[in-house]
Structure formats: structure tokens, C-alpha cells
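**Student:** I have a structure here, written as C-alpha cells, and I will follow up with some questions on it.
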Amino acid sequence: DINPLSFVNPFSSDQKKQMEQMQQKVKSWKIIETLQQYFQITNSSIMQRLSLMFFPFLQFQKRSAGLTLDLYLPLMGHLLYVVISSFTQVFKSEFSTKILSRTIILSGALFVSQCVGSYLLSKTLPKQTICDIISQNGYNFFYAGLLIVVKPLKLGFFVILAIFIACSAFHYIQQGFLIVKQSAEQNLSSTAVVAAQNVMVMIMGAVQGVALALLVWVAAQNVM
């Protein structure tokens, strides 16, 4: 039997367009709300994160209580990296937009590759958002920016580089362990699953150290 009302469309074409526009607006609002959460920081949270980044070996889980991942510090770190690279070129009278753009492109490409690699490797880990992955990988720019400052001062650059690589890797690993632990408590994961996830976190932490060394190498090719 044919329903005589099956061909009746309760909405006009204009109404459909309005509904689609409203749906798009709702999606955009959700994206904005999600991003805002990663920029809701205070001076104390900034200092707390920086202390974890440069002293990740000291009671990390206790000191990170109540602290969430953010995008503010990674963004500022990238700006710091680019600005310090530019100033170094100016002081050496070698500034050019070509070198600056090359630094930005190479560091950006390395960062994107790092995030993609972390995303693929994190498939076996507790679910993380893209913003979480960007945040965890973006902290490396702070270390790299400071290393650019230290290099001309001849203050044991390679010793400081080794320390920063260790800090970068350990900070990532400790943050990863914390995420795995919280997920295990919520989902009652088995010991074997937690152990496997922690091993993956350590591998990704080692990648962080390599990525930092590459960021410094990119800067060295252009400004150091």
C-alpha cells in the first residue's frame, strides 16, 4: 500500500536551509567551547606546568594534581621559538624573510609529523583528543627556544641539550603514565593492559626527545 502522505515534505526548502545552518552553527559553537577549555589557564597553572616541564623527576603525579593539558603554553612556546630565532638572526646581521619562513615551515612540518605519529601510536592508549596530542607535543618548543638562547653563550650547550631532552622525554612519559593510571581506575583495566600501555608511552616519550633534538637542529641550520 502507498501512503498518500509519503510524498508530503513537512519542511520547505528555505526551512531546510535554515536548519542546516543552525546545525553548522551548533557544531562551530561546540568546537569553540572545546578550544576555550584549553586556554582557561591562570598564572599559577602556568608556573605549575613549567615546573613540571623542567623538573619532571620530582613527585610528578602529586605536583600535577588538578592540572589539565593546555594549548596556551604550546602556542607561546612556538612563538618564542620563532621570535628568538628571528632575534638571533638580527644580532648576527643575517636576518632574511627567506630564512625565517624556512624555519617556520620546517619546524611546523616536524611538529605536524610528530603529532600524526603520536596520534597513530596512541591508538593503543586511552582515548585522547587531538587537542591533547597537540598540547603534549607542543611543549617541546619551550625547550628548543631556550636552547637557541643558550647556544651563543657557550654555557655547556650539549650538557644543557642532554638535560632538556631528558626533561622533555620524562615529562611526556610521566604525563602519559598519569593518563593511563586514570583510565585504568575508571575502566578497571588489567595489569597486562596497563603494562603494555606504559611501554607504548615510554616509546612515545623517547620520540619526544628525538623531536626536540631535530627542532634544535632546524634552528642550528638557520640561526646558530
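**Student:** If neighbour count is taken as other Cβ atoms inside 10 Å, put His171, His78 in order from fewest to most.
**Tutor:** Arranged by neighbour count, lowest to highest, His171, His78 become His78, His171.
**Student:** Take the Cβ-Cβ distance between Ser44 and Lys181 as r, set R0 to 30 Å, and report the resulting FRET efficiency rounded to the nearest 0.05.
**Tutor:** 0.80
**Student:** Tell me, Ile99, Ile32 in order of fewest to most beta-carbon neighbours within 10 Å?
**Tutor:** Arranged by neighbour count, lowest to highest, Ile99, Ile32 become Ile32, Ile99.
**Student:** Additional query: What distance in nm separates the simple spin-label points at Ala195 and Lys92, each placed 7 Å from Cα in the Cβ direction?
**Tutor:** The answer from the label model is 4.9 nm.
**Student:** Pairs of lysine in segment 71-222 with Cα under 21 Å and at least 8 positions apart or on different chains: total?
**Tutor:** So the count of such lysine pairs works out to 4.
**Student:** If you average the sequence gap of Cα pairs under 8 Å that are 6 or more apart and divide by the length of segment 117-224, what percent do you get for the contact order?
**Tutor:** Relative contact order of segment 117-224: 40 percent.
**Student:** Continuing with this model, one more query. Report the rotationally averaged projected area of segment 87-186 based on its alpha-carbon convex hull, in square nanometres.
**Tutor:** Quarter of the Cα hull surface area: 7.6 nm².
**Student:** Right, next: Could you derive backbone 3J(HN,Hα) for segment 125-136 from the dihedral phi with the Karplus parameters 6.51, -1.76 and 1.60 (θ = phi - 60°), listing whole Hz in sequence and x where the residue is Gly or Pro?
**Tutor:** Per-residue couplings from phi come out as 9, x, 4, 10, 7, 4, 4, 4, 5, 4, 4, 4 Hz.
**Student:** Testing the spin-label approximation: label points 7 Å from Cα along Cα→Cβ at Ser113 and Ala65. State their distance in nm.
**Tutor:** 4.2
**Student:** In segment 72-119, which trypsin sites (Lys or Arg not before Pro) are in a loop and have at most 12 other Cβ atoms within 10 Å, using DSSP for the loop call?
**Tutor:** Taking segment 72-119 and a limit of 12 other Cβ atoms within 10 Å, the loop trypsin sites (Lys or Arg not before Pro) found are Lys92.
Values quoted throughout were computed directly from the atomic coordinates according to the rules given, and no laboratory measurement underlies them. This is a predicted model, so every value here is computed, not measured. Virtual Cβ from ideal backbone geometry, glycine too; neighbours counted across all protein chains shown.
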